[in-house]
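Engineer: I have a structure here, written as structure tokens, and I will follow up with some questions on it.
The values are calculated or read from the model by the stated rules, or taken from the named source; none is laboratory data. The model shown is predicted, which means the values in this text are computed figures rather than measured ones. Cβ placement follows ideal geometry from the backbone for every residue including glycine, while neighbour counts extend to all protein chains displayed. We work out accessible area using only protein heavy atoms, side chains counted, and drop any ligands, DNA or RNA first. Shrake-Rupley method; radii C 1.70, N 1.55, O 1.52, S 1.80 Å.
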Amino acid sequence: MEAISPSIVDSGNLPIRNSDAEAEGFKHSVDEILQKVDKLEQRVNEVEQFYLKNTSKKQQSGSSKGGSSTVKDKDKERHIPSIRKQQQDASKREAAAAKRMQELMRQFGTILRQITQHKWAWPFMQPVDVKGLGLHDYYEVIDKPMDFSTIKNQMEAKDGTGYKSVREICADVRLVFKNAMKYNDERSDVHVMAKTLLGKFEEKWLQFLPKVTEEEKRREEEEAEAQLDMQLAQEAAHAKMARDLGNELYEVDMHLEELREMVVQKCRKMSTEEKRKLGAALTRLSPEDLTKALEIVAQNNPGFQATAEEVDLDIDAQSETTLWRLKFFVKDALEVQGKSAASAGGRNNTTTPSNNNNNNNKRKREICDAIAKTAKKRSKKPSS
């Protein structure tokens, strides 16, 4: 989209023949466009950030693991539910997974009952009575005390503080026996009892483990699929946003072009001095901006060859519409050039120009020479 020209809304320099009220009307219209463009720019930035982040993730994923192009093509062909539907499905999926894990915990409870009903399990059923047994150094040796009554209470907790997986329960069962083995001498009865029960538990755990692994694998696959679906849904949403933005930007551009055309049509006749200054300003444009300026001339002059090897531009032969459009464009372009030069900080003085820059400069010199030549011819004409 073309840059919005501040000169159009500069009421002090606005070359309109009609009333100040009309100028203010133009200014108000352009201010509305500027506000709309600011909002559109925020949405554009949101889309850009999404795709930059998404591209980075894809690059990292591609470098860490390869993927079949066939699988990727199938993913693209899948029906993509909306983000809201994805969120609803995620809630249902989490609820179903939690229910399956509860069933695994219930089955794991059978193993616990078998262990806790063993004749040697009694020392581990309740928290260690540290004070009653005079175990003054117990908390210095044991970092996290554990017993089966604590495990049972946490398995039955309804306030969200309970176990989330079977592996968490398994870790605490092991901790019960390992604490006892760590604190008590290996020749003591408690140490032997704990070691024996730990061995029995590990045997039963190995038999139960395939069920746990299967559930974990299923959950991992579901989460990966859900993550892909959510990513595709987000991409689809942002793609639609990008399309909508394109349409809105086009409408803004068309509205702006209409306003510009209305402005230049109401402009007063440009003076000879203003034409001279415009011709001089054209010579200060960058090669790219100079090409754009010549394209403006070509818009109202079908026979004008803006890209020809030699360009003969007669300022006096241009329509008032073309002249004012050129003036607006040149004013903005030179302001941008000035800001760019200031930010560069003179770095261009220490760099070697490339062949492309040489070609651009040559093209610029040729066009500028043509403009100067035309101005010289005009100066020899008798004044009217």
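Engineer: Would you kindly derive the ³J(HN,Hα) couplings of segment 248-263 from the backbone phi angles with the Karplus curve 6.51 cos²θ - 1.76 cosθ + 1.60 (θ = phi - 60°), listing them in order in whole Hz, with x for Gly and Pro?
Structural biologist: These are the phi-based 3J(HN,Hα) values: 5, 5, 5, 4, 4, 4, 5, 5, 5, 5, 5, 5, 4, 5, 5, 5 Hz.
Engineer: In whole angstrom, and with the biggest value first, how far do the Cα coordinates of segment 184-282 range along each principal axis?
Structural biologist: Here the spans come out as 113, 31, 18 Å, largest first.
Engineer: Just the accessible area per residue of segment 179-325, please: how many Å² with a 1.4 Å probe?
Structural biologist: Working: 8520 Å² over 147 residues.
Per-residue accessible area for segment 179-325 comes out at 58 Å².
Engineer: Multiply the residue separation of Glu222 and Gln234 by 0.36 nm, subtract the distance between their alpha-carbon atoms, and state the gained length in nm to one decimal.
Structural biologist: 2.5 nm
Engineer: Mind giving me the nanometre distance, one decimal, between the label points for Glu257 and Ser343, set 7 Å out from Cα along Cα→Cβ?
Structural biologist: Rounded to a tenth, the inter-label distance reads 2.7 nm.
Engineer: Could I have the simple spin-label model distance between Val336 and Ser286, label points 7 Å from Cα toward Cβ, reported in nm to one decimal?
Structural biologist: Result for the modelled spin labels: 0.8 nm.
Engineer: Additional query: Going by average Cβ density within 10 Å per residue, which order do the peptides 321-334, 237-250 take, highest to lowest? Working shown, then result.
Structural biologist: Numbers: 321-334: 20.6, 237-250: 13.6.
With the highest mean Cβ count within 10 Å placed first, the list reads 321-334, 237-250.
Engineer: Whole-Hz Karplus ³J(HN,Hα) for segment 192-207, in order, using 6.51 cos²θ - 1.76 cosθ + 1.60 and θ = phi - 60°, x for Gly and Pro?
Structural biologist: Here the 3J(HN,Hα) series is 5, 4, 5, 5, 5, 5, 5, x, 5, 5, 4, 5, 5, 5, 4, 6 Hz.
Engineer: Here's something else I'd like to know. Taking R0 as 56 Å, what FRET efficiency do you get between Asp244 and His136 from their Cβ-Cβ distance, rounded to the nearest 0.05?
Structural biologist: Approximately 0.20, to the nearest 0.05.
Engineer: Ignoring any ligand, DNA or RNA, what whole percent of the accessible area of segment 233-293 comes from carbon and sulfur when the probe is 1.4 angstrom?
Structural biologist: Values: 1770 of 3270 Å².
In segment 233-293, the share of accessible area belonging to carbon and sulfur is 54 percent.
Engineer: Quick one: what are the phi-derived ³J(HN,Hα) couplings along segment 297-307, Karplus 6.51/-1.76/1.60 with θ = phi - 60°, whole Hz, x for glycine and proline?
Structural biologist: In residue order, the calculated couplings are 4, 5, 4, 9, 9, x, x, 7, 9, 5, 9 Hz.
Engineer: When Rg is the radius of gyration of the Cα atoms in segment 104-239 and Rh is its Kirkwood radius, what does Rg/Rh come to?
Structural biologist: With Rh from the inverse mean 1/r over Cα pairs, Rg/Rh is 1.15.
Engineer: Using the beta-carbon distance between Glu156 and Asp189 and R0 = 35 Å, what value does 1/(1 + (r/R0)^6) give for FRET efficiency, to the nearest 0.05?
Structural biologist: Computed FRET efficiency for Glu156 and Asp189: 0.70.
Engineer: Mind ordering 223-235, 189-201 by average Cβ neighbours within 10 Å, highest first?
Structural biologist: Sorting 223-235, 189-201 by mean packing, highest first, produces 189-201, 223-235.
Engineer: Moving on. What is the Cα radius of gyration of segment 203-249 over 2.2 N^0.38 Å, N being its residue count?
Structural biologist: Here the Cα radius of gyration is 2.14 times the empirical estimate.
Engineer: Just to compare against my own numbers: the Cα pair-distance distribution for segment 144-200, 10 Å bins, whole % per bin, please.
Structural biologist: 23, 47, 22, 7, 0
Engineer: Output the direction-averaged projected area (hull surface divided by four) of the convex hull of the alpha-carbon atoms of segment 252-311, in nm².
Structural biologist: On the way: hull surface 21.6 nm².
Seen from a random direction, the Cα hull of segment 252-311 projects 5.4 nm² on average.
Engineer: Listed here are the pairs Lys36/Lys331; Lys158/Lys200; Lys119/Lys200; Lys99/Lys211; which of them are more than 19 Å apart at the Cα?
Structural biologist: In this structure, Lys36/Lys331; Lys158/Lys200 lie more than 19 Å apart at Cα.
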